[in-house]
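Here's the structure we're looking at; comments come further down.
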Amino acid sequence: QVQLVESGGGLVQAGGSLRLSCAASGRIFSINTMGWYRQAPGKQRELVASITSLGSTNYADSVKGRFTISRDSAKKVAYLQMNSLEPEDTAVYYCNAEIVAPFTLRTSHYWGQGTQVTVSS
């Protein structure tokens, strides 16, 4: 019904940059908040950044000043620009979106499949 597909992960050296993308498709009337989460081995999934439909953003303290979240609402895509990457940023990054369904206007949260980001020291 609804799919979120992430792309842009990979292996990068410390200090480098990556840009993640999350594309939503399917039965979508509108999208409220979109967010990026990450989960490192042995750790709980944590919020990295989120952006509302009006463009308000929120960041985890650990990424403030280094990561930037943005979205193209017309294309139903969210981005996460990651600069000055550190080995501690190594994790699987997941996209999450609050989707409003057509006709019913019911909201549901959806997750992408995740994309691996590995930062070498």
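Sequence-ordered 3J(HN,Hα) estimates for region 115-121 from the Karplus curve with 6.51, -1.76 and 1.60 and θ = phi - 60° stand at 9, 7, 10, 10, 10, 8, 8 Hz, glycine and proline given as x.
Grab the other residues whose beta carbon is less than 12 angstrom from that of Arg66, score K and R as +1, D and E as -1, and report the net. Provide the component values of the computation, followed by the final result.
Numbers: positive: Lys64; negative: Asp61, Glu86, Glu88, Asp89.
Net of charged neighbours comes to -3.
Residue by residue, region 67-84 carries 3J(HN,Hα) couplings of 10, 9, 9, 8, 8, 10, 5, 5, 8, 6, 10, 10, 10, 9, 8, 10, 10, 6 Hz when phi is fed to the Karplus relation 6.51 cos²θ - 1.76 cosθ + 1.60 (θ = phi - 60°); x denotes Gly or Pro. Springs between Cα atoms under 10 Å define the GNM used for the chain, and in it the highest mean-square fluctuation of Leu54, Leu18, Leu85 occurs at Leu54. Other residues with beta-carbon under 13 Å from the beta-carbon of Glu46 carry, at +1 per Lys or Arg and -1 per Asp or Glu, a net charge of 0.
In order along region 22-35, phi translates into HN-Hα couplings of 9, 10, 9, 8, x, 7, 10, 8, 7, 10, 7, 6, 10, x Hz, rounded to whole numbers, per the Karplus curve 6.51 cos²θ - 1.76 cosθ + 1.60 with θ = phi - 60° and x for Gly and Pro.
Taken together, the values in this text are just the output of simple stated rules run on the coordinates, not laboratory data. Everything numeric in this text was worked out from a predicted model, so none of it was measured. FYI the Cβ positions are ideal-geometry reconstructions off the backbone, even for glycines, and counts take in every protein chain you see.
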